[in-house]
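Here, each number is a calculation from the coordinates, and none is a lab measurement. Because the structure is a prediction, the values reported are computed rather than measured. Don't worry about glycine lacking a Cβ; one is built from the backbone with ideal geometry, like all the others, and counts go over all protein chains shown.
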Amino acid sequence: MKVAIIGGGAAGCFCAVNLRRRMKDVDITVFERANKPMAKLSITGGGRCNLTNTFEDIGQMKEAYPRGFRLMERLFREFGPRETMRWWEKEGVKLTVQEDSCVFPCSQDAMEIVGTLARLMREGGIEVRTRCKIDTLPEDYDRIVVTTGGSPRKAGISFLEPLELKVVEPVPSLFALNIEDKGLHELSGTVVEDVKIGIAGSKFEGRGILLITHFGMSGPAVLRLSSYAARHLAEQGYKATLNVNWMRGANEEEVRERLRQYAREGKMVTNEHPRHLTARHWQYLLHRAGIAESQRWNALNQKEMNRLTSVLTADTYPMTGRCAHKAEFVTCGGIALSEINSKTLALKRFPNIYAAGEVLDIDAITGGFNLQAAWTTGYIVAKNISQQ
Ligand SMILES: Cc1cc2nc3c(=O)[nH]c(=O)nc-3n(C[C@H](O)[C@H](O)[C@H](O)COP(=O)(O)OP(=O)(O)OC[C@H]3O[C@@H](n4cnc5c(N)ncnc54)[C@H](O)[C@@H]3O)c2cc1C
């Protein structure tokens, strides 16, 4: 049997290695358009490779996989994060789990992951043809696996056009937000813990650490929001009103009570403030609420207290665009899951063609979940080819 794997990324290479384990005599060729395979994998997690997640902080799969959660839930019964961690450890890659449940190699080096897959492919006699961009579906193969990854344009998978598959329009996910606000930009580098950020007039919300940047906002809370609202924001041309709760999700009444306590103590507004906000950030928020820094807490009138409460719990910023660089960028969209046999990941109408990884309409928030999708789907395809 001859198997062609189109795309030498995380899903393609993982699939190739697992297929070799199950089928010693199959002829496996990986076609990769770049001059080396796994280029993206080598820069994941800032070069450290956040290869999976323990899922301890995830209540429902939908929180991790806004697209594809049902399929992932099903596939995890066969090969989920636990199996993935075991797989890598068996290959001699020691793993470490961070406090935030993200899993990395102990070496903190993505090249250990890349090197392990490259070695296993070499030892398994898997042919990797680099600088080989596939423009038409290869003939003379008994099975084809499409693992070309995410692409912000449908053109990335134009070689599938003859199959007339339903493709969900690809749009970017996991990006930082541009906000034109000079005062905010001056706080660039400020990290605020446990921020709730949402899009006005919608239910989309991200929660977690927020990083103020010289162009707007980034960090886990923002990347989560961009993932949940990826399609909505694309439809709105990346213009939206953002609502920010700077007070760890506390509601208006709770914050008002806290401010009243400060007023009882009668200190200066600049000296007594929520300690999770830096002094500079606090000054900026006072300014947004129109409160002079020279005031004492007990001199604030009701209107000023109301304005400050509102800034702290429902501060609003106009989003002017998405930041195209420096984020962990993945594609929302791809081959529609309705085209796929959810057990085998073969195309329903072309059972000898399979798909795995980000080329499918599956994507996740940050934290190792996207690579987990690549490992899981790559593994399931290998298993089903070997059983077909
Ligand atoms: C900067 C960055 C950091 C990231 N960090 C993390 C992280 O730490 N943890 C995490 O879980 N996720 C991370 N991600 C997301 C993760 O890298 C992807 O979701 C994952 O790589 C998808 O795997 P894949 O095999 O489907 O696609 P890819 O890894 O993108 O591989 C697809 C391959 O197919 C090749 N290809 C495409 N078209 C063709 C063609 N026509 N012919 C031949 N070859 C083709 C491409 O060159 C590529 O090598 C990160 C993404 C980025 C951009």
With T = 4 °C, eta = 1.567 mPa s and Kirkwood Rh from C-alpha pairs, the Stokes-Einstein D of region 161-244 in µm²/s is about 95
Neighbour net charge for R260 - beta-carbon separation under 13 angstrom, K R +1, D E -1 = -4
Applying 1/(1 + (r/R0)^6) with R0 = 25 Å to the Cβ-Cβ distance of T316 and R296, what FRET efficiency is obtained, to the nearest 0.05?
-> 0.35
Counting only C-alpha contacts under 8 Å and six or more residues apart, can you give the relative contact order of region 175-327 as a whole percent?
-> 31
Report the net charge of residues surrounding N298, where surrounding means a beta-carbon distance below 9 angstrom and charges are Lys +1, Arg +1, Asp -1, Glu -1.
-> +2
Debye, to nearest 20: dipole size of the chain, +1 on Lys, Arg Cβ, -1 on Asp, Glu Cβ = 180
Using the Cα centre as the reference, give the magnitude of the dipole from point charges on the C-beta atoms of region 95-166 (Lys, Arg: +1; Asp, Glu: -1; all else neutral), rounded to the nearest 20 debye.
-> 240
For the chain, what is the mean residue ellipticity at 222 nm derived from helices alone (per DSSP H run of n ≥ 4: -39500 (n - 2.57); sum divided by total residues; nearest 500 deg cm²/dmol)?
-> -9500 deg cm²/dmol
Give me the distance in nm between label points sitting 7 Å out from Cα along the Cα-to-Cβ direction at E265 and N251, one decimal.
-> 2.6
The answer for G219, listing residues at least 5 apart or on another chain whose modeled amide H is closer than 5 Å to its amide H, is L211
Region 164-202 residues near the modelled K239 label - backbone nitrogen below 20 Å, point 7 Å along Cα→Cβ = 172, 176-182, 198-202
Virtual spin-label span in nm between R119 and D142, 7 Å along Cα→Cβ | 3.0
Region 233-310 versus region 88-140: alpha-carbon centroid distance in Å = 48
Relative contact order (percent, whole number), the chain, Cα cutoff 8 Å, 6+ residue spacing | 25
A student applying the Cα gyration tensor rule (rounded when a/c is under 1.5; otherwise prolate if a/b is larger than b/c, oblate if not) would label region 175-327 prolate
Pulled fully out, how much extra length does the chain show between N352 and H276, if you take 0.36 nm times their separation in residues and subtract their Cα-Cα distance?
-> 21.8 nm
Helix 81-90: angle to the longest alpha-carbon principal axis of the chain, degrees 0 to 90, nearest 10?
-> 60
FRET efficiency, E89 to E127 (Cβ-Cβ, R0 30 Å, nearest 0.05) = 0.60
Considering only G216, N306, I380, whose Cα is most displaced toward the positive end of the charge dipole of the chain, charges sitting on Cβ of Lys, Arg (+1) and Asp, Glu (-1)?
-> I380
Of all DSSP beta bridges in the chain, antiparallel share, percent nearest 5 | 70
Among the lysines, select those whose C-alpha is under 21 Å from the C-alpha of K383, and discard any that sit fewer than 8 residues away in the same chain.
-> K2, K24, K90, K343, K348
Compute the signed sum of charges (Lys and Arg +1, Asp and Glu -1) over the other residues within less than 9 Å, Cβ to Cβ, of T130.
-> +3
What shape does the chain have by the C-alpha gyration tensor, where a ≥ b ≥ c are the square roots of the eigenvalues, rounded means a/c under 1.5, and otherwise prolate means a/b greater than b/c and oblate the rest?
-> prolate
Cα-based Rg (one decimal) and Dmax (whole number) for region 265-388, in Å?
-> 26.3, 77
Net length gained if the chain between K203 and Q387 were fully extended (0.36 nm per residue, minus Cα distance) = 61.9 nm
Lys/Arg Cβ at +1, Asp/Glu Cβ at -1, dipole of the chain taken about the Cα centre: which of P318, F175, T84 is farthest positive-ward?
-> T84
